[in-house]
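S.K.: The structure is given below, and queries will be raised subsequently.
The values are calculated or read from the model by the stated rules, or taken from the named source; none is laboratory data. In this text the structure is predicted, and so the values were computed from the model without any measurement. Positions of Cβ are generated from backbone atoms using ideal geometry, with glycine treated the same way; all protein chains shown enter the neighbour counts.
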Amino acid sequence: MATGAAAVLGGGRMIRYLRMFRMFALSELQFELEYRLNFIFVLLEMVLVVGTSVGAVLIMFAHTTNLNGWTLPQMLVLIGVFYLIQGGNALLFEPSFQRLMEHVRLGTLDYHLLKPVNTQFIVSVRHMRVVRIPDVLLGFIVMGVGLAQLGARVGPLDALLFALALLCGLALVYSLLLVLVTLSFWFVRVENLLTIFWAFTDAGRFPVDLYPGWLRFTLSTVVPIGIAVTAPSQAIASKIGPVEVALLAAGTVVAFTVASAFWRLGLRNYTGASA
């Protein structure tokens, strides 16, 4: 049974995993469509949440045109990217990781371990919350409004660097989440750690420059939501170039590799119900 990242990327297996991902997504979509009223409520909730964030920024800029070097359009771009990152994780990874912790606690992870597929892949994306798609769409809308106010012309290179930086941001947050849920192999219940993690990520909707030194350090290293959000917003606005994005990608590869190795170590400490 392949458990490393290489198993996912090798040869024609990539196509196979993309097809599996599509199958998982369609399955979750069919399930959510059975509860359309819930989808409407989630959409209204997200409009309220995003509207509150934007409203708070508008109130702050009603009394100033510059907040520690950040203008209103730049803040809107940052908030938009934040909801892209947060929505992407809530859509793709958070539901599966919640199920993973349950499987470890109950000793029922064996069902996934016996499948002839990469275990890390299947425990990461098997369950999705497609009702979180509005999070991502609203993020694009807010970011677009900010870019329009900036008068920024997004060229092909800017769009490419933005896409790469956004993927790196998602991968950074994913890697840290994977490390946290892997701790459940030793400590069983790690929900409180995840609660703390999400509390810190909420701070990423505003520039890290606005926070005290200790929090800036935390949001840039321990919980890298600051980098995950700031880098894409700078890339789309031509504030950083290929070199900076390449360095971000290199750091992301290191983080993903370390997280995957830690996951494999955790698997070796797993004792299932069949043991």
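S.K.: Give me the residue from region 153-205 that is in contact with a Leu (Cβ under 9 Å, 6 or more places away or on another chain) and among the β-branched types (Val, Ile, Thr) and, out of that set, nearest to residue 259 (Cα to Cα).
M.R.: It comes out as 182.
S.K.: If residue 1 satisfies all but one of (1) aliphatic (A, V, I, L, M); (2) assigned to a helix (DSSP H, G or I); (3) at pLDDT below 80, what's the number of the condition it fails?
M.R.: Result: residue 1 fails condition (2) only.
S.K.: Looking at this structure, is residue 188 modelled with pLDDT under 80 and under 14 Å from the mean Cα position of the chain (by Cα)? Reasoning before the result, please.
M.R.: Values: modelled with pLDDT under 80: yes; under 14 Å from the mean Cα position of the chain (by Cα): no.
Judged against the criteria, residue 188 is not a match.
S.K.: What are the pairs, 6+ residues apart or on separate chains, where a residue within region 169-197 that is touching a residue at least 40 places away in the same chain (Cβ under 8 Å) has its Cβ under 6 Å from a residue that is among the polar types (S, T, N, Q) and part of a helix (DSSP H, G or I)?
M.R.: Note: pairs meeting the criteria are 171/252; 172/252; 173/89; 190/184.
S.K.: For region 60-106, which residues satisfy the criterion of being aromatic (Phe, Trp, Tyr), in a helix (DSSP H, G or I) and either without any contact (Cβ under 8 Å) to a residue 12 or more places away in the chain or within 16 Å of residue 173 (Cβ to Cβ) (or both)? Step through it out loud before you land on a result.
M.R.: Here is the first cut: in region 60-106, the residues aromatic (Phe, Trp, Tyr) are 61, 70, 82-83, 93, 97.
Those left that are additionally in a helix (DSSP H, G or I): 61, 82-83, 97.
Across region 60-106, the qualifying residues are 82, 83, 97.
S.K.: Determine whether region 121-133 contains at least one residue that is under 22 Å from residue 15 (Cα atoms) and charged (D, E, K, R).
M.R.: Within region 121-133 (the criterion being under 22 Å from residue 15 (Cα atoms) and charged (D, E, K, R)), the answer is yes, since at least one residue qualifies.
S.K.: Could you please give the count of residues in region 198-226 that are in contact (Cβ under 8 Å) with a residue 24 or more places away in the chain, in contact with a helix residue (DSSP H, G or I) (Cβ under 6 Å, 6 or more places away or on another chain) and part of a helix (DSSP H, G or I)?
M.R.: Of the residues in that region, 4 qualify.
S.K.: A follow-up question, please. Quick check on my filter: what residues within region 26-37 are surrounded by 11 or more Cβ atoms within 10 Å (Cβ to Cβ) and either in contact with a helix residue (DSSP H, G or I) (Cβ under 7 Å, 6 or more places away or on another chain) or not in a helix (DSSP H, G or I) (or both)?
M.R.: Those that are surrounded by 11 or more Cβ atoms within 10 Å (Cβ to Cβ) and either in contact with a helix residue (DSSP H, G or I) (Cβ under 7 Å, 6 or more places away or on another chain) or not in a helix (DSSP H, G or I) (or both): 28, 29, 32, 35.
S.K.: Kindly indicate whether residue 125 is within 18 Å of the chain's Cα centre (by Cα) and surrounded by fewer than 17 Cβ atoms within 10 Å (Cβ to Cβ).
M.R.: no
S.K.: Now a separate question. Condition first: assigned to a loop (DSSP other than H, G, I, E, B) and surrounded by fewer than 21 Cβ atoms within 10 Å (Cβ to Cβ). Can you find one or more residues in region 136-145 that meet it?
M.R.: The answer is no, given that none of the residues of region 136-145 is assigned to a loop (DSSP other than H, G, I, E, B) and surrounded by fewer than 21 Cβ atoms within 10 Å (Cβ to Cβ).
S.K.: Related question: Mind checking whether some residue in region 235-255 is closer than 22 Å to residue 184 by Cβ, modelled with pLDDT under 90, in a helix (DSSP H, G or I) and not hydroxyl-bearing (Ser, Thr, Tyr)?
M.R.: The answer is no; no qualifying residue exists.
S.K.: Is it the case that residue 59 is at pLDDT 90 or above, more than 22 Å from residue 235 (Cα to Cα), out of contact with any strand residue (DSSP E or B) (no Cβ under 8 Å at 6 or more places or on another chain) and not basic (Lys, Arg)?
M.R.: yes
S.K.: Now for a different question. For the list (1) surrounded by fewer than 17 Cβ atoms within 10 Å (Cβ to Cβ); (2) hydroxyl-bearing (Ser, Thr, Tyr); (3) part of a helix (DSSP H, G or I), I need the number of the one condition that residue 53 fails.
M.R.: Status for residue 53: all satisfied but (1).
S.K.: Only residues that are surrounded by 13 or more Cβ atoms within 10 Å (Cβ to Cβ) and in a helix (DSSP H, G or I): list them for region 262-275, please.
M.R.: Residues satisfying the conditions are 262, 263, 264, 266, 267.
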